[in-house]
1. (1) over 30 Å from residue 58 (Cβ atoms); (2) at pLDDT 85 or above: which one isn't true of residue 113, the others all being true?
2. Scan the range 81-95 and tell me whether some residue there is more than 16 Å from the chain's Cα centre (by Cα), outside the structural domain of residue 147 (by TED's automatic domain parsing), part of a loop (DSSP other than H, G, I, E, B) and closer than 29 Å to residue 112 by Cα.
3. For the range 51-66, does any single residue satisfy the condition of being assigned to a loop (DSSP other than H, G, I, E, B), touching a helix residue (DSSP H, G or I) at 6+ places or on another chain (Cβ under 7 Å) and touching a residue at least 40 places away in the same chain (Cβ under 8 Å)?
4. Please pick out the residue among 51, 56 that is within 22 Å of the chain's Cα centre (by Cα) and loosely packed, with under 10 Cβ neighbours inside 10 Å.
5. Got a number for residues in the range 124-149 being without any contact (Cβ under 8 Å) to a residue 60 or more places away in the chain, surrounded by 15 or more Cβ atoms within 10 Å (Cβ to Cβ) and not in a helix (DSSP H, G or I)?
6. Could you grab me the full set of residues in the range 13-48 that are in a loop (DSSP other than H, G, I, E, B), on the phi < 0 side of the Ramachandran plot and surrounded by 13 or more Cβ atoms within 10 Å (Cβ to Cβ)?
7. Which ones in the range 173-196 are assigned to a loop (DSSP other than H, G, I, E, B), touching a helix residue (DSSP H, G or I) at 6+ places or on another chain (Cβ under 8 Å) and touching a residue at least 24 places away in the same chain (Cβ under 8 Å)?
8. For the list (1) within 24 Å of the chain's Cα centre (by Cα); (2) closer than 20 Å to residue 82 by Cβ, I need the number of the one condition that residue 13 fails.
């Protein structure tokens, strides 16, 4: 799969706007897009001296790849997460890959990337638009064996729309988040989750009214 370079992408956007092809956009919107093209966050891509990430290697069957973004800001992590979500989505939406290997993207610390609340109005609108796109990716992607897993130890800080997007939810022991859990679980499940031993979890699935208690293997349970 061929990916466009950062510079070519930015230049393409600018040319599209400046040649009058974006007439349906309000002038303030086009100016905002042009300013965004100069944002420092774009420096994440095509950096000189760094090894180029091969999408082909990342989607190779039978492999697990870990992309460490610990040192990036929440905004930069959000860009990286969305980038890979879209790239993998594009790969799986190719007709010839429809019935091939399963591809799963795990996003850890998801509450940092998709926070439930934001004190900055512009960032809130931005996150809302991203969440809307995430819904499309997860809905259409699962039909092509592409799944996105959102992992967090702080579900109360995760955007509610992200939680509801997930057809399958796995809960380990958690306490102090009764209000959040009451939005998606039955009362008896909330009580059980608060007292789960190590290695056990509760699974809820869309279309199955009763939750399932499971034990996960290979854990050092004392």
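1. (1) is the only condition that residue 113 fails.
2. No, the range 81-95 contains no residue that is more than 16 Å from the chain's Cα centre (by Cα), outside the structural domain of residue 147 (by TED's automatic domain parsing), part of a loop (DSSP other than H, G, I, E, B) and closer than 29 Å to residue 112 by Cα.
3. yes
4. Exactly one residue qualifies, and that residue is 56.
5. 3
6. 22, 25, 45
7. Within the range 173-196, 173, 185 meet the criteria.
8. Residue 13 satisfies all of (1) within 24 Å of the chain's Cα centre (by Cα); (2) closer than 20 Å to residue 82 by Cβ except (1).
The values are calculated or read from the model by the stated rules, or taken from the named source; none is laboratory data. Just so we're clear, the structure is a prediction, and the values are computed from it rather than from any experiment. Using ideal geometry, Cβ is built from the backbone for each residue, glycine included, and neighbour counts are taken over all protein chains shown.
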